[in-house]
Every structure is written in C-alpha cells, then in structure tokens.
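Here's the structure we're looking at; comments come further down.
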Amino acid sequence: MTAEIRMGGDDQALAAPVDQAAGETAAAASASVMLLLDDVANAGLLSACLGEFGYRNVAVAETPGQARQLLLSDVPDLLLLDGNLAGDAGMQLLAWTRAERLLKHTAVIVLADDNGADDMDLKLRALELGASDVLVKPVNARELALRMRNLLARAGARARNAEQDALTGLSNRQRFNVVLDWALTYARRMNVVGAVLQIGIDRFAQINEALGPSVGDRLLQALAHRLAEYVRESDIVTDASRAGGGEHGVSLSRVGGDEFSVLLPVIQRAEQAATVATRIQYALATPFNVAGHELIVTCSIGIAVFPADGLTRDLIIANAGAAMAYAKQQGRDRHAFYGKEMNNRSLARLALERDLRMALERNEFSLVYQPKVDVDSGRLSGAETLLRWRHPERGMVSPADFIPIAEEIDLIIPLGDWVLRTACRQIQTWIAAGLDVPRISINVSARQMHDAGFEENIRRLLAEYHLKGENIVLELTESALMQDADKAVSFLKSLRDTGAGISIDDFGTGYSSLAYLRRFPLDELKIDRSFLIEPNEDSEAIASAIIALGHSLRLRVVAEGVEHERQLAFLRSRHCDEYQGYYFSKPIAPDDYAAMLRSAGMIAR
Ligand code: C2E
Ligand code: MG
Ligand code: MG
C-alpha cells in the first residue's frame, strides 16, 4: 500500500483554512490521539502530518493487542483505526472499544480501503459498530485534520455541558466532585491540608416565593457572578496553584439550587478557611439590584477541613453540609466549622432529640400564661399560653431551643395537639370556676399549617370543652405564613371559619408582602420584641410604621416584650392597642393567672 497519506490535496473545499482560530491549535495541542494502521511506516508518516496540524500527543500502536493495552492505560481522545487490518481485526477492535466503559468518550475514525462497492459495505459496518466517522484511503491529511477538529470540538462541548451549570455558568456538582477527588489525592500525597466551604443562601426559598422564580434565577446569577469575582480577585493563592495545579487552584461551583461550594485545595491553617468565609460574607453584604428589587442577601457557610474531617469525598461534602446546617440553625449569616467541637454539639443535640421524643409520655411539658394588657385602660385583655419543658437533668429548656427540633423530628404535630387540648381544658376549668376569661392566644407552628386535620381538631376541641371560637386566638409567625403565602390564605380562612381569632406573630422580622397581608384574614398583629428592645430613632420609626400599618388594615396591634415604663409611654403615644411583657407580668402558672383575673374583678355574672 503506497501513498496512503497526502498532504494538501485537491479537495480544498473541505480543508480548514491554515490560519484557523488559535484556539483550534490549542485544542489540537491538548488532544491525545492514537493510531493503529496496518503499515507502521504509514502510521509514522500520518503521525508526522498530524504534528504539522498541531497534534503533539500522538501514539502509534503496532498491533491490535498492543493497541488494546495502550487504549486502556492511556485513554486517548481520538483513535484513528485502519478498517482493513488482517482477519477483520480492525472491526473487532472497533466493536471492543464501543463496549469498553473507559473508552466511551474516545472518538474513533475508521480509515477504509477504496474497494469500490465493497468499500460501501465496510463504511456502513463501521458506522453501525459505532465509528464516529469513516474516511476512504488515500487519506487527505487536511481533510482528516478538519474532521478530527470537528469531532474533538463536539466532544469538548459535550464534556463542558455535562460539567457546567446552565443557569450560572459555574461548574456543577459533577465537576466539583472531580476536582475534589483530585484535591483529596493531592493532599494525601503531598501531606497538605485543604478545605471545602459549603455556602447556602439564607431564606432563598422565601425570596423565590415572594418575588417569583425568574427574579430568583436572576438573583442566583448575580450571586454567582459576585462570588466568582471574589474568588478570582482574592489573594487566596494556594500552594497547589503555585505548584502548577493551575485549574486546580481555588474553585467555585454551584452544587445545588441555592448552594455553592468553594474548594481550597491547600491552606496553611484551618483558620484561613474562616477568613475566606468571612470575606465571602462581606462580598455579599452589598445589596443586589435585581429586576428593580433591592435585595439583601446573607449566607451561611459550613467548613470541612481535610484530612481532619474526612478522607473521602462523600464524607467531606456531608460534613461541610452538616456544618452549614449548624450555621443556619445558629441564626444564619455566619460560618461554622465541622469538627470535634461541633461533633460534641451534635451528640448533645441527638441526646436532646431522644429526650424530647419521650417528654410527652413522661409528662414533662406544661403551659404558662402571659397576661396581655390594654394600653389605654390598663385592664387585662387576655393571655398568651407559652410552652415549658422541664428536662429531668437540664431543668427548664426554652421553647426557642426545642420547638425547632420538634419541628424537624415531626414531634410538633402531637406536641401542638397537646398544647391546644391543654389550653382548651384550662380555659374550661377557669370558666367552670366562675371566671370571666378573656381570649387565650395559642402559638401555632408552621408545620401545623400543613397538617390536614388541624382545623377539624380545633372544632372538635372547642366542642369537647364547650368553648366558642372567640375564646381563643391562634398565633402564626410572619415567616411561617410567608413560607407558603397562597397556602396560608386558605389555611387562615378555614381557621377563621371556626370563629377563632387570628394573629400574626413576630411581625417585622419576616418578608411580608403587603399584598398578601391584605389577603390574610387577620384580627391582630404582634410587633416583634426586637423593635422595642432599645428605643432609638430607627426602631421607634419602624414600630410606629407597623402600628399605623396594622391600624390601616383594621387590625388590633399588640406590642411584645415591654419591660419598661418608657416603652409603654411610647406605645401609648402611638395608640398601640395592647401590650405584653415583663413590665406587667412574666408568664405565670395557671393558678396565678386565675388569681390575677379574680383580683381584677373578672368574674362571670
Ligand atoms: P412568642 O410567641 O413571640 O412569645 C413571646 C416570647 O417572648 C416568650 O418566650 C415570652 O416569654 C417572651 N417574653 C415575653 N415578654 C418578654 C419581655 O418583656 N422580655 C423578654 N426578654 N422576653 C419576653 P418563650 O416563652 O421563651 O417562647 C419563645 C417562642 O417559642 C415563642 O415566641 C413562640 O414562638 C414559641 N412557642 C412558645 N410556646 C409555643 C407553643 O406552644 N407552640 C409553638 N408552636 N411555639 C411556641
Ligand atoms: Mg406568640
Ligand atoms: Mg412573638
């Protein structure tokens, strides 16, 4: 067989212009190619031609057996295979490559003899067996280079798409996994320390809910852009990138809907990861302007350090995630390390969960009542019932500490039922003792809103204890309602039908949309305690605005956490309707509340 390979050639139309984009040469330079031709001399010649086209990485196999070995030990991007090897060996090798998992991304171009009609058969067979392309000998080197370029470009684009997040253009979780695997291997070999920062955007779901998914998407893009800019411009130069790690330096990926990961392949001390986390939080502090909305976004970051927090990819990712969940649980907008201390805390938390599960049976819960007072007259206007847990060893545990756990472990439904029943029974007991009992407020958790039997349960309890709807007020927090505002509208309507009053608790801390506020059937609005803690111009302005807003919606406005006379004076000057707080009374036991009603002359006639 002679003159199989020709440079240049007559088919100029197919040939690539010699000065095609520089990227092409770069692509050729980084591609690896293997040749298996029936004539080693021809293979050498072809290899030299490919060199002219910029292919630096061309291996020549001499026999099919050697080709199999080389293909597996050094998987190439592209295989040029002679279709006419003795004994059908070429076609057999082709079939084998298509079945071999490791070679599924390797493109195969079959070079076929020009045998007239027979040639057609071979071409078809090769394509059926999975060849990427078939070229007839003698091969025009220019045309071959052009076809190779196209195949490699397509494969490259496919690989990039598979590893890129379509919304933000950042690498996706697949890519992150690959890079993390590399970093873990590197850290093991070089005996260095690295870290993964898992970044979760705080309350993203609420933003998405309130402003719609297209604004949410644009916010994610803006976030990704800002994070990428920070990672690019920051001076967190690591030894790995200095050592030629190049793309294996600091990397940023979008690994979930509202979650990003930063990999620091080499750090000197674990605290460096905390510094990076702080700077990321700082970078996000400037508000985002998306579709005319000014959005203030915070994030919670979990940090896992390797090898200390794990040697495998799965463990590192899980531990960074656990640390992030912990940061959120601690109040968000902060970072936390996974580590011994955190391990201890999560063990303590497991123990608390276990005890909480048994607390109902063991009768460790009780209810206390905090009086509510009319601002103008100073008369008792009601009371809020608050849950207490007396833990056998720890003593009193605050509901702020155990309600979130009860929600997570699905205990909140039976616990919430217990609160409702106990409160209703208590009201009946007071009424039976001849007291005139103003309405009792009961806190309802977000999870109870999704409990199908909730409304029915209320009706049943009211009937069982001979109460009217007006005897109780149900308090739902603003953030619970806004989590699923449409659902909240229908839920509140069904509760309203029972005659119960509806109150929106901790108002001012969530992201209420005013449009929804109008649609919620409400009776009362409770200003969050935080606006009264330190009376300064800002908080007073907000409290005044909330009172005015409540009144314009014809709601009763209640202030929580009143501890001083001057707070009360302020509320009086703003015509707030009711208040509650240590200034008048702490939450008290049922008997003490009964005594309070009696001494206020609140006796049924
Ligand atoms: P909340 O409903 O906003 O209740 C008001 C909280 O402020 C209560 O805390 C109360 O003791 C406290 N407080 C009242 N006046 C003052 C004051 O003047 N100064 C200060 N510093 N604090 C004051 P508590 O009892 O620890 O309850 C915390 C939260 O736990 C409640 O906030 C409520 O969201 C939740 N919670 C309590 N009981 C229940 C319940 O039965 N079910 C549900 N789902 N949540 C409950
Ligand atoms: Mg409340
Ligand atoms: Mg409150």
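The values are calculated or read from the model by the stated rules, or taken from the named source; none is laboratory data. Computed from a predicted model, the values in this text were never measured in an experiment. Ideal geometry is used to build each Cβ from the backbone, glycine not excepted, and the neighbour counts take in all protein chains shown. In case anyone asks, the SASA skips ligands and DNA or RNA and just uses the protein heavy atoms, side chains included. Shrake-Rupley method; radii C 1.70, N 1.55, O 1.52, S 1.80 Å.
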Label model pair E233, E294: point-to-point distance (7 angstrom along the Cα→beta-carbon line) in nm is 2.1 nm
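Which of the GluC sites (Glu not before Pro) found in the range 19-108 are in a DSSP loop and have at most 16 neighbouring Cβ atoms, other than their own, within 10 Å?
On the way: sites: E24, E52, E62, E100; in loops: E62, E100.
In loop regions of the range 19-108 (DSSP not H, G, I, E or B), the sparsely surrounded GluC sites (Glu not before Pro) are E62, E100.
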Expressed per residue, the solvent accessible area of the range 359-599 in Å² (1.4 Å probe) is about 45 Å²
Here the residues of the range 302-316 lying in the modelled label zone of N191, meaning backbone nitrogen under 13 Å from a point 7 Å along Cα-to-Cβ, are none
Taking the chain and counting helices only, DSSP H stretches of n ≥ 4 at -39,500 (n - 2.57) each over all residues, the nearest-500 ellipticity at 222 nm comes to -15000 deg cm²/dmol
Expected unfolding gain across R269-E62 under the 0.36 nm per residue rule, minus the alpha-carbon gap, is 69.4 nm
Computed about the Cα centre, the charge dipole of the chain from +1 Lys/Arg and -1 Asp/Glu charges at the Cβ has a magnitude in debye, to the nearest 20, of 1560 debye
Taking r as the C-beta separation of R554 and I409 and R0 as 45 Å, the FRET efficiency to the nearest 0.05 is 0.70
Given a 1.4 Å probe, the accessible area of the range 173-338 per residue, as a whole number of Å², is 45 Å²
Most packed first (mean Cβ within 10 Å per residue), the peptides 196-209, 68-81 order as 196-209, 68-81
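Report the FRET efficiency, 1/(1 + (r/R0)^6), for A595 and Y282, where r is their Cβ-Cβ distance and R0 is 41 Å, rounded to 0.05.
On the way: r = 54 Å, r/R0 = 1.32.
That pair, A595 with Y282, gives E of 0.15.
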Taking 0.36 nm per residue of separation between E456 and A153 and subtracting their Cα-Cα distance, the length gained on full extension comes to 102.8 nm
In whole angstrom, the spacing between the Cα centers of the range 381-438 and the range 545-570 equals 25 Å
Hydrophobic long helices for the chain, i.e. whole DSSP H runs reaching 20 angstrom or more by Cα along the axis with Kyte-Doolittle mean at least -1.0, come out as 141-162, 173-190, 213-233, 270-285, 313-329, 340-359, 412-432, 537-552
Any aspartates and glutamates whose Cα falls less than 19 Å from that of K468, other than same-chain ones fewer than 8 residues away, would be E384, D417, D436, E455, E456, D497, D523, E524
Between D523 and E563, the two model label points (7 Å from Cα along the beta-carbon direction) sit apart by a distance in nm of 3.0 nm
With label points set 7 Å from each Cα along the Cα-to-Cβ direction at Q330 and R349, the distance between them in nm comes to 1.1 nm
Full extension between A222 and W96 adds, at 0.36 nm per residue less the Cα distance, a length in nm of 40.7 nm
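Once neighbouring chains are kept in place and the probe is 1.4 Å, which whole percent of the accessible area of the range 336-484 is contributed by carbon and sulfur? Write out the running numbers ahead of the final one.
On the way: 3340 of 6840 Å².
Carbon and sulfur atoms account for 49 percent of the accessible area of the range 336-484.
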Scoring the chain by relative contact order with C-alpha pairs under 8 Å, at least six apart, yields a percentage of 9 percent
For K137, counting only aspartates and glutamates whose alpha-carbon sits under 16 Å away and dropping same-chain residues fewer than eight positions off, the answer is E4, D10, D11, D38, D39, D82, D113, D114, D118, D119, D121
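Using +1 on the beta carbon of Lys and Arg, -1 on that of Asp and Glu, and nothing else charged, what's the dipole of the range 180-239 about the Cα centre, debye to 20?
On the way: 6 positive and 8 negative charges, 26 e Å.
In debye, rounded to 20, the range 180-239 gives about 120.
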Using alpha carbon centers only, the range 170-237 is separated from the range 280-295 by a whole-angstrom value of 17 Å
